[in-house]
Amino acid sequence: MDPQPGRLAALRAELEAAGVDALLVTSLPNIRYTTGFSGSSALVVVSQTDAVLITDFRYRVQARTEVGADVAVEIEGTSLWSRFWGVLPRLTGARQVGFESAHLTHADYQRLMDSGARWPWRPTTGIIEGLRQKKDASEVSCIRQAVSIAEAALAATVPEIRVGMTELAVGARLERTLRELGSEAHPFETIVASGERSALPHARCSSRELRNGDLLVIDFGATSGGYCSDITRTFVVGQCSDAQLEAHAVVLEANATASGAVRAGMRGKDADSLARDYIQRRGMGSEFGHSLGHGIGLEVHEAPRLSKTADAPLPTNSVVTIEPGIYRDGWGGIRIEDDVLLAPEGPVVLTSFARGLLQVG
Ligand code: ZN
Ligand code: ZN
């Protein structure tokens, strides 16, 4: 990833607004967003004049390649925290230091209280997560690529699905194809849920074998340039029933209504209502028990939220999922999930895989 000097400037403005002179960043996605570093072990501290990334020997080449000239890289052979206690006093003007309260273990908090007792630590929440909501052109292009890999992998997998295959076997083919097509990682555990198991919104793949008449929910994504896609389609094995077709049509209409009407500036809860109100009007409101969607980016679940309780407005250029569903215990479930860019001129649906109740097997 290219170094992102604009992001440091934006972060510094937020630090000022939050009343801290510096911020200790311990969340790896936040570290990646701020500095470009994609390794799995680092501490970052950013003040108004300095930005320092501390990582270990394994990343000495990678860190210097990924991180721009405006971030100093320190390679530590023993303990990142020991080095941090050496770095912090050298930062000019860093008196009040913030930490990310959602991303610090209690054990590490104790370090702040013990070794860092001379600084007045201030808990902060969501500073960098707030900045991450608005995607720039390079981030949108990574997400588009992650969508395109995911959809190509699904298109290659669907014709291979047969009655008698296990959910695990379907997941294996899909995941292998994702890798072959260039996905860097599976952004979350692939969901392949069939028959009555499709009523479990977050089912894992199991050894259940596909049978004629099963609903089949596949929810998965790809990663490109560190950015995720997240897509769900529902299939039927063999012939579908009228009840399946009817429920699918309701979810499809809820998805289309919300994807078409969602706008930047709308509160997350108003976006959620776009789909929920329709499903309620069709008498299936009690069967849609989760929120409508979430932001995607460096993480598969990030701000903003589209839920009944989300008061925050959806930022311009955020990328969110629209994923209404209907779940009936013992019968099955249906979900259709798309990824939508909230561009200034209106929603742009990034996913294009066919949304009908496709027959497989
Ligand atoms: Zn999903
Ligand atoms: Zn999702």
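The values are calculated or read from the model by the stated rules, or taken from the named source; none is laboratory data. Note that the structure is a prediction, hence the values are computed from the model and not measured. Backbone-built Cβ (ideal geometry, glycine too); neighbour counts: all protein chains shown. These accessible areas exclude ligands, DNA and RNA; they are computed on the full protein's heavy atoms, side chains included. Shrake-Rupley method; radii C 1.70, N 1.55, O 1.52, S 1.80 Å.
Restricting attention to segment 15-45, which residues are of a type in the set (Asp, Glu) and either buried (at least 17 other Cβ atoms within 10 Å of the Cβ) or closer than 25 Å to SER224 by Cα (or both)? ASP21 - this is the single residue of segment 15-45 that is of a type in the set (Asp, Glu) and either buried (at least 17 other Cβ atoms within 10 Å of the Cβ) or closer than 25 Å to SER224 by Cα (or both). Annotation note: Cβ proximity below 6 Å between a residue of segment 340-358 that is free of Cβ contacts under 8 Å to residues at least 12 places away in the same chain and assigned by TED's automatic domain parsing to the domain that holds ALA153 and a residue that is buried (at least 18 other Cβ atoms within 10 Å of the Cβ) and part of a strand (DSSP E or B) (sequence gap 6+ or interchain) occurs for VAL348/LEU341.
What about VAL217, is it more than 26 Å from SER141 (Cα to Cα), more than 17 Å from the chain's Cα centre (by Cα), free of Cβ contacts under 8 Å to residues at least 60 places away in the same chain and within 16 Å of ligand 1 (Cβ to nearest atom)?
Working: more than 26 Å from SER141 (Cα to Cα): yes; more than 17 Å from the chain's Cα centre (by Cα): yes; free of Cβ contacts under 8 Å to residues at least 60 places away in the same chain: no; within 16 Å of ligand 1 (Cβ to nearest atom): yes.
Spelling it out, it is not the case that VAL217 is more than 26 Å from SER141 (Cα to Cα), more than 17 Å from the chain's Cα centre (by Cα), free of Cβ contacts under 8 Å to residues at least 60 places away in the same chain and within 16 Å of ligand 1 (Cβ to nearest atom).
Within segment 302-336, if we keep just the residues that are without any contact (Cβ under 8 Å) to a residue 40 or more places away in the chain and in a loop (DSSP other than H, G, I, E, B), the residue that is farthest from ligand 1 (Cβ to nearest atom) turns out to be LYS308. All but one of (1) away from ligand 2 (no atom under 15 Å from the Cβ); (2) out of contact with any Cys (no Cβ under 9 Å at 6 or more places or on another chain) hold for GLY226; state the number of the condition that does not hold. Failing condition for GLY226: (2). The C-beta contact set for segment 157-178 (first residue of a type in the set (S, T, N, Q), second residue not in a helix (DSSP H, G or I), distance under 7 angstrom, 6+ apart or interchain) comprises THR166/SER207; THR166/ARG208; THR166/GLU209.
Scanning segment 266-297 for residues that are within 16 Å of ligand 1 (Cβ to nearest atom) and outside any helix (DSSP H, G or I) yields PHE288, GLY289, HIS290, SER291, LEU292, GLY293, HIS294, GLY295, ILE296, GLY297. Among helices (runs of 4 or more DSSP H) entirely within segment 49-159, having at least 2 residues that are more than 29 Å from ALA18 (Cα to Cα) and open to solvent by 20 Å² or more (accessible area, probe 1.4 Å) singles out 60-66, 137-157.
Pick from segment 186-212 the residues that are among the aliphatic types (A, V, I, L, M), within 16 Å of ligand 2 (Cβ to nearest atom) and open to solvent by less than 50 Å² (accessible area, probe 1.4 Å): which of them is farthest from the chain's Cα centre (by Cα)? Filtering segment 186-212 for residues that are among the aliphatic types (A, V, I, L, M), within 16 Å of ligand 2 (Cβ to nearest atom) and open to solvent by less than 50 Å² (accessible area, probe 1.4 Å), the one farthest from the chain's Cα centre (by Cα) comes out as ALA193.
With the requirement that a residue be assigned to a helix (DSSP H, G or I) and either on the phi > 0 side of the Ramachandran plot or among the β-branched types (Val, Ile, Thr) (or both), what does segment 160-177 give you?
VAL170, THR177
Filter segment 337-350 for residues that are of a type outside the set (Val, Ile, Thr) and within 16 Å of ligand 1 (Cβ to nearest atom) and give the result. Of everything in segment 337-350, those that are of a type outside the set (Val, Ile, Thr) and within 16 Å of ligand 1 (Cβ to nearest atom) turn out to be GLU337, ASP338, ASP339, LEU350. Report yes if some residue within segment 316-338 is polar (S, T, N, Q), within 16 Å of ligand 2 (Cβ to nearest atom), more than 23 Å from GLY195 (Cα to Cα) and open to solvent by less than 60 Å² (accessible area, probe 1.4 Å); otherwise report no. Yes - at least one qualifying residue is present in segment 316-338. For segment 193-214, residues that are touching a Cys at 6+ places or on another chain (Cβ under 9 Å) and within 16 Å of ligand 1 (Cβ to nearest atom) total 1.
One line per residue, one yes/no per condition, for (1) without any contact (Cβ under 8 Å) to a residue 40 or more places away in the chain; (2) closer than 19 Å to ILE128 by Cβ:
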| residue | (1), (2) |
| --- | --- |
| GLU14 | no, yes |
| SER47 | no, yes |
| VAL52 | yes, yes |
| ILE75 | yes, no |
| THR92 | no, no |
| GLN96 | no, yes |
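For segment 260-281, the tally of residues that are of a type in the set (Gly, Ala, Ser) and surrounded by fewer than 22 Cβ atoms within 10 Å (Cβ to Cβ) stands at 5.
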